[in-house]
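Note sheet for the following structure.
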Amino acid sequence: MAKVSKPFTVGEYAEQYTTAQSPLLAALSRETHLKTARGIMLSGHMQGAFLQMFCHALKPRRVLEIGTFTGYSALCMAQGLAPDGLLHTIDIDEELHDIAAKYWAEAGVGGKIVQHTGDAAEVVQGINEIFDLVFIDADKVGYENYYNLVFDKVAPGGFILADNVLYDGEVVLPAEAQSKNAKAIHQFNEMVKADSRVEHMLLGLRDGIMMVRKK
Ligand SMILES: C[S@@+](CC[C@H](N)C(=O)[O-])C[C@H]1O[C@@H](n2cnc3c(N)ncnc32)[C@H](O)[C@@H]1O
């Protein structure tokens with residue numbers, strides 16, 4: 001049988017069969033791309049849909065996000081919070097706070113999100129909460145440290161999700177060909193794999209999400 005070329009990728013097909021991005025998230029994405037040079041950092045439709053679905057299932061009371069950027073992933077996660085839920089999010093860059101706050105307010109979740117500014121390694125230590133979910137999505141060389149800093153603050157049965165754990169596929173390259181960030185991510189993946197306190201799954205969605213469940 002003659003080989004028929006595919007009109008679109010399976011990723012595009014998956015996106016077509018996923019609930020469409022809301023007009024508000026689409027506007028946030030558009031404004032991020034217009035006003036920042038780093039729009040690529042934003043979670044985007046498929047990962048946002050996953051985070052939202054995961055939070056709807058988990059109904060977390062307390063969520064911690066490390067790496068707010070313009071607030072896209074925080075907005076997705078906030079949709080699934082428990083009625084008395086609260087999401088703490090940290091970013092070192094204050095410049096983008098207003099964009100995030102504007103969209104959270106428009107979505108009606110502004111009162112459920114606490115924005116912290118500063119180096120996450122320091123800020124995390126001052127937040128006295130027990131979290132049902134932690135989403136790590138900041139500087140890649142910091143992942144191991146963030147994991148260790150938050151671990152005791154995660155409830156038994158709670159989750160840590162870490163983004164970009166495939167690092168654009170660089171993790172499979174030999175060490176000498178990996179960038180500094182890819183090396184750090186690979187080291188993080190190895191650390192999670194060796195941690196007997198958790199169950200984990202590397203989900204191959206977008207740039208890879210490490211899903212960790214604390215036993
Ligand atoms: C990939 S973006 C986050 C994207 C966001 N979670 C989303 O999906 O829309 C990473 C963010 O981490 C922040 N960041 C980098 N190093 C940090 C640090 N040491 N402490 C806190 N935030 C940091 C950056 O300023 C940037 O906004």
Alpha-carbon gyration tensor eigenvalues x 5, square-rooted, for the range 105-201, Å
27, 17, 13
Sorting Leu202, Leu64 on the 10 Å Cβ count, fewest up front, what's the list?
Leu202, Leu64
Listed peptides 99-110, 119-130 by packing density, highest first (mean Cβ within 10 Å)
99-110, 119-130
Ranked list, fewest to most other Cβ atoms within 10 Å of each Cβ, for Ile92, Ile160, Ile66
Ile92, Ile160, Ile66
Viscosity 1.002 mPa s, temperature 20 °C: give me the Stokes-Einstein translational D for the range 1-124 in µm²/s, with Rh taken as the Kirkwood radius over C-alpha pairs.
138 µm²/s
Taking the Cβ of Glu65 as the center, what net charge do the other residues with Cβ under 12 Å away carry, scoring Lys and Arg +1 and Asp and Glu -1?
-2
Compare the peptides 172-179, 152-159, 45-52 by average per-residue count of other Cβ atoms within 10 angstrom and give them in order, highest first.
45-52, 152-159, 172-179
Rg(Cα) / (2.2 N^0.38 Å) computed for the chain, rounded to two decimals:
1.03
Antiparallel DSSP beta bridges within the chain, percent to nearest 5
35 percent
How do the peptides 4-14, 29-39, 138-148, 69-79 rank, highest first, by the average count of neighbouring beta carbon atoms within 10 Å per residue?
69-79, 138-148, 29-39, 4-14
Provide the gained length on full extension for the span Asp98 to Ala175, in nm with one decimal, where the gain is 0.36 nm per separating residue minus the Cα-Cα distance.
23.7 nm
Taking the Cα centroid of the range 1-50 and of the range 107-145, what is the distance between the two, rounded to the nearest whole Å?
25 Å
Computed FRET efficiency, Cβ-Cβ of Glu129 and Gln187, R0 30 Å: what is it to the nearest 0.05?
0.65
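Just so you know, all these numbers are worked out from the coordinates, no wet-lab data involved. It should be emphasised that the depicted structure is a prediction, and the values quoted were computed from it without experimental measurement. Ideal geometry is used to build each Cβ from the backbone, glycine not excepted, and the neighbour counts take in all protein chains shown.
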